[in-house]
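*Asks:* Could you have a look at this structure, given as structure tokens, before my questions?
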Amino acid sequence: MDWLPPYLIPMSTVPPVTVGPAAVPGWLYWSVAGPTAVGWVLTYLLAIRQAVVDRRVGIPAYLAAVNFAWEFSLTFILEQTPAQRQVDVVWLVFDSVLLYQVFRYGRADHRSLSPRVFKWSVVGVLVWAAVTVVLGANEFHDTDGMYTGMIIQVPLSAAFLVMLRRRGSSVGQSMAIATAKFVGSLFAGLAAFVLYPSHLLFLVLVPTYVGLDLAYLVLLRRTMRAEGRSLWALRPDRRPERSAAAVR
């Protein structure tokens, strides 16, 4: 094989996945962890409220099931750091409400499925995701859920774009939800960079989902303006009309 050109990038001497979190000062940790927590708490609360108002899920149905599986698996099944387990159990409370709303309102986005098929497909995704999270986190020795969490962020952000396109309107959505999610996700990515500067996979995952979140913000804003809906009103001015042209 000497005739082949030399490779461009040598393999890392120390596998990045084996490198633990960096020691960072408390002020730096909380400067990224604080906005992450606040952003996601607001995302969950606003999404739950919007689903009650519009009777449409605020978090894409199947990804809400994946989120629940992630929190449940890392709280009760796989060993995690004590601090991370305490955080996860708080998120699990919110995810339980979101999952309930999925079973109540989620089929509105999947009319081609019968109620029975939709219900069991959500359960199937949840179980598959739980098994994948447990095995994946164990594979990466991901004691604080950072790897699996960053990986899940990409399809979650993409799912919001798909949800907006599928509905053709801003029903069940709001700029407040989109902004809170963007802030929470952005600072989660910054936390990953601060705590794990040697983990190269984050250099792809974080910019990918941040870019998707930005695209969702732009398209949702365009849709709401086309509907004549106030961008920051907690309650819609009127029921958003279905207009596929609004998201083109």
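The values are calculated or read from the model by the stated rules, or taken from the named source; none is laboratory data. Note that this is a predicted model, so its numbers are computed, not measured. Positions of Cβ are generated from backbone atoms using ideal geometry, with glycine treated the same way; all protein chains shown enter the neighbour counts.
*Asks:* Anything in the range 118-167 that is in a loop (DSSP other than H, G, I, E, B) and polar (S, T, N, Q)? List them, or say none.
*Replies:* 143
*Asks:* Under the condition of being surrounded by fewer than 17 Cβ atoms within 10 Å (Cβ to Cβ) and among the hydroxyl-bearing types (Ser, Thr, Tyr), which residue from the range 178-228 is modelled with the lowest pLDDT?
*Replies:* 198
*Asks:* Testing residue 48 on (1) without any contact (Cβ under 8 Å) to a residue 60 or more places away in the chain; (2) closer than 23 Å to residue 210 by Cβ; (3) β-branched (Val, Ile, Thr), one condition comes back false. Which one is that?
*Replies:* Evaluating residue 48 over (1) without any contact (Cβ under 8 Å) to a residue 60 or more places away in the chain; (2) closer than 23 Å to residue 210 by Cβ; (3) β-branched (Val, Ile, Thr) leaves (2) as the failure.
*Asks:* For residues that are without any contact (Cβ under 8 Å) to a residue 40 or more places away in the chain and in a helix (DSSP H, G or I), scanning just the range 108-117, find the one that is surrounded by the most Cβ atoms within 10 Å (Cβ to Cβ).
*Replies:* For the range 108-117, the residue satisfying everything is 117.
*Asks:* Right, another one. Against the condition surrounded by fewer than 18 Cβ atoms within 10 Å (Cβ to Cβ), assigned to a helix (DSSP H, G or I) and hydrophobic (A, V, I, L, M, F, W, C), how does residue 66 come out, does it pass?
*Replies:* It is false that residue 66 is surrounded by fewer than 18 Cβ atoms within 10 Å (Cβ to Cβ), assigned to a helix (DSSP H, G or I) and hydrophobic (A, V, I, L, M, F, W, C).
*Asks:* Please list, ordered by first then second residue, the pairs with beta carbon atoms under 7 Å, 6 or more apart or interchain, first in the range 121-137 and closer than 19 Å to residue 107 by Cα and touching a residue at least 12 places away in the same chain (Cβ under 8 Å), second surrounded by 21 or more Cβ atoms within 10 Å (Cβ to Cβ) and hydrophobic (A, V, I, L, M, F, W, C).
*Replies:* What qualifies is 122/61; 122/65; 122/102; 125/65; 125/66; 126/65; 126/68; 126/69.
Residues checked against (1) outside any helix (DSSP H, G or I); (2) of a type in the set (S, T, N, Q):
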| site | (1), (2) |
| --- | --- |
| 190 | no, no |
| 200 | yes, no |
| 203 | no, no |
| 208 | no, yes |
| 214 | no, no |
| 223 | no, yes |
| 230 | yes, yes |
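*Asks:* How many residues are over 30 Å from residue 163 (Cβ atoms), in contact with a helix residue (DSSP H, G or I) (Cβ under 8 Å, 6 or more places away or on another chain), β-branched (Val, Ile, Thr) and assigned to a loop (DSSP other than H, G, I, E, B) if we restrict to the range 3-60?
*Replies:* So the count comes out to 1.
*Asks:* Criterion first (in contact with a Gly (Cβ under 8 Å, 6 or more places away or on another chain) and either modelled with pLDDT of 95 or more or under 22 Å from residue 69 (Cβ atoms) (or both)) does residue 244 satisfy it?
*Replies:* no
*Asks:* Here are some residues: 107, 85, 116. Which one is under 24 Å from residue 50 (Cα atoms) and of a type outside the set (A, V, I, L, M, F, W, C)?
*Replies:* 107 is the lone residue from the list that is under 24 Å from residue 50 (Cα atoms) and of a type outside the set (A, V, I, L, M, F, W, C).
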